[in-house]
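A short worksheet on the structure shown next.
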Amino acid sequence: MAHEPEAVEDSLLESFLGLQTPEGTRAELIEGEIVVTPPPDGDHEDCIGRVVEQVVLHSAVRMRFAGNKGLRLSGGGRCPRDHAIPDAAFAPADKDVFRGAPPWMPPDGLALVVEVTSTRPERDRTAKRHCYARAGIPLYLLVDRDLSRTTLFALPEDDEYTEVHLAPFGKPLELPAPFSFTLETEGF
């Protein structure tokens, strides 16, 4: 007897939500695959810190930040039940989207998510990009340590972003509204 695709998805989601991962690790459900990752290295965290510091100091509007916030990305398509944990998420302070949010919140109100590559960079470059676009997150910033460049993906449509802006490390990258400032990538 064949399993209905929805029943398989329900079973996978139930298994994922019931995971007991070792302390310090995090689990995500990305395009039907359960991914468990170890704690990041210091250089990874330094890159996140540099992005957060600049966003807080230079954004045109005050931003709230969440690190490692679980997002339920129900953007439809072939993976309507993705659950991702970006390295950083930003939302305008006046939206107050993080206060009182459940462990796995919808991405409504987010302005930007950030990933810094680590052990499996291809997942950040492709699978997560598609997940964030499907969910309608306006901006996705990828700090790609292996390729020594920062990429800003903008204007999501279906499962892809229609604008891509690249800056090699050391070159500035313009962030559009609501940020409206130049991100310095020196030190990434």
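So if I take the alpha carbon set of the range 24-103, get Rg, then get Rh from the Kirkwood formula, what is the Rg over Rh ratio?
Numbers: Rg = 14.3 Å, Rh = 14.2 Å.
In the range 24-103, Rg relative to Rh is 1.01.
What does the charge add up to near E53, with Lys and Arg as +1, Asp and Glu as -1, over the other residues with Cβ less than 15 Å from its Cβ? Working shown, then result.
Values: positive: R50, R62, R64; negative: E45, D46, D87, E184, E186.
Spelling it out: positives minus negatives among the neighbours equals -2.
May I ask you to order 110-120, 91-101, 169-179 by the average number of other C-beta atoms within 10 Å around their residues, highest value first?
Details: 110-120: 21.3, 91-101: 14.3, 169-179: 15.9.
Result, highest mean Cβ count within 10 Å first: 110-120, 169-179, 91-101.
In degrees from 0 to 90, rounded to the nearest 10, what is the angle of the helix 42-58 Cα long axis to the longest principal axis of the chain?
60 degrees
Under a 5 Å amide H to amide H cut-off, with H placed in plane at 1.01 Å, what residues pair with G109 once short-range neighbours are removed?
Close amide H contacts, sequence-distant or interchain: none at all.
Starting from the amide H of F181, placed 1.01 Å from N in the peptide plane, find each other amide H under 5 Å away whose residue is 5 or more places distant or on another chain.
Amide H neighbours of F181: L175.
Can you tell me what the convex hull of the Cα atoms of the chain projects to on average, as an area in nm²?
Numbers: hull surface 43.8 nm².
It is 10.9 nm².
Taking the Cα centre of the range 29-134 as origin and charging only Cβ (+1 Lys, Arg; -1 Asp, Glu), how large is the dipole, in debye to the nearest 20?
Numbers: 15 positive and 15 negative charges, 93 e Å.
The dipole magnitude comes to about 440 debye.
Could you give the dipole magnitude of the chain about its Cα centre, charging the beta-carbon of Lys and Arg +1 and that of Asp and Glu -1, in debye to the nearest 20?
Working: 19 positive and 32 negative charges, 85 e Å.
In debye, rounded to 20, the chain gives about 400.
What is the local net charge at R62, summed over the other residues whose Cβ is closer than 15 Å to its Cβ (Lys, Arg +1; Asp, Glu -1)?
Working: positive: R64, K95, R99; negative: E53, D94, D96.
Here the charged neighbours net out to 0.
Place +1 on the Cβ of every Lys and Arg and -1 on the Cβ of every Asp and Glu in the chain, take the dipole about the Cα centre, and give the residue among I30, Q20, P92 whose Cα lies farthest towards its positive end.
After comparing all options, I get P92.
FYI, it's all coordinate maths here, none of it is from the lab. What you see is a predicted model, and the numbers here were worked out from it, not measured in a lab. As a convention, Cβ positions derive from the backbone with ideal geometry for all residues, glycine included, and neighbour counts pool all protein chains shown.
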